[in-house]
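These notes concern the structure reproduced below.
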Amino acid sequence: MAAAIDDVIGWLVEASRLVGEAYMRLPVADADPQYRERVYCYELYHQLRCQWTSNFPYALCGEIDKRKHAYVRGKYLDEIKPDFLVHEPGHMDPDSNLLAVEVKPANTSSEGIVKDLRKLTALRSQLKNSHEQSANYQHAIFWVYGGFPDAWKKLKTQLNENRDDVDLTLIRCFVHEGPGTPAVECDW
């Protein structure tokens, strides 16, 4: 499965390079352009789907509502909607859930980021219910876009001060600085 995650990450990086300025910061009438997470995510999803190969064993899904899911529940997981999931829909065996991705603009509050990091940590951890099914994801990515490099430095400082129930060793971080540039993996 190492090749599968490498393929997805390669596609994500290439997709990020293709996201244009209007999707990074949405033009607003009589105001400065604004970061809008949904607008960015929809365009990144579109560009990612354009990279996807038809014979790839996993599906890409956006914002799947996990409320009342039989196996994805408990600490930080109740009522979540991950931005992207790469998985085999309808299956819960250990190899079915490849990747969970949460996306945030760089100007997001540290509380919003910590909330997403807690979700990703929980999705990577072994989750059990009375049926003993596991819902853990093999990989997790926290994806930040826009407003760099100062905003990212500030966020990293805030994260190091507020990390209860977050295990950054389970989560990879990618930063997409701006349109026309590919995202790069960053250290926490």
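The values are calculated or read from the model by the stated rules, or taken from the named source; none is laboratory data. Just so it is clear, the structure is predicted and the values come from calculations on it, not from any experiment. No Cβ is skipped: glycine too gets one built from the backbone with ideal geometry, and neighbour counts run over all protein chains shown.
List of remarks:
- Per the listing Pro149, Pro89, the residue uniquely loosely packed, with under 13 Cβ neighbours inside 10 Å, modelled with pLDDT under 80 and under 20 Å from Trp11 (Cβ atoms) is Pro89.
- Cβ-Cβ contacts under 6 Å between residues 6 or more apart (or on different chains), taken from a first residue in the range 29-47 that is touching a residue at least 60 places away in the same chain (Cβ under 8 Å) to a second residue that is polar (S, T, N, Q), are listed as Tyr35/Asn107.
- Of everything in the range 14-51 that is in a helix (DSSP H, G or I) and polar (S, T, N, Q), the residue that is nearest to Gly62 (Cα to Cα) is Gln47.
- Tally of residues being crowded, with 17+ Cβ neighbours inside 10 Å and modelled with pLDDT of 95 or more across the range 14-38: 5
- Candidates Ala22, Ala29, filtered to the one that is out of contact with any helix residue (DSSP H, G or I) (no Cβ under 9 Å at 6 or more places or on another chain) and either more than 15 Å from Val101 (Cα to Cα) or not aromatic (Phe, Trp, Tyr) (or both): Ala29
- Of all the residues in the range 1-25, those that are of a type in the set (D, E, K, R) and more than 17 Å from Val144 (Cα to Cα) number 2.
Per-residue answers, yes or no, for (1) part of a helix (DSSP H, G or I); (2) at pLDDT below 85:
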| residue | (1), (2) |
| --- | --- |
| Glu79 | no, yes |
| Thr121 | yes, no |
| Gln126 | no, yes |
| His131 | no, yes |
| Trp143 | no, no |
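- In the range 100-120, the residues that are in contact (Cβ under 8 Å) with a residue 60 or more places away in the chain form Cβ pairs under 7 Å with partners that are surrounded by fewer than 19 Cβ atoms within 10 Å (Cβ to Cβ) and among the hydrophobic types (A, V, I, L, M, F, W, C), at six or more places apart or across chains, as follows: Ala106/Phe148; Ala106/Ala151; Ala106/Trp152; Asn107/Ala151.
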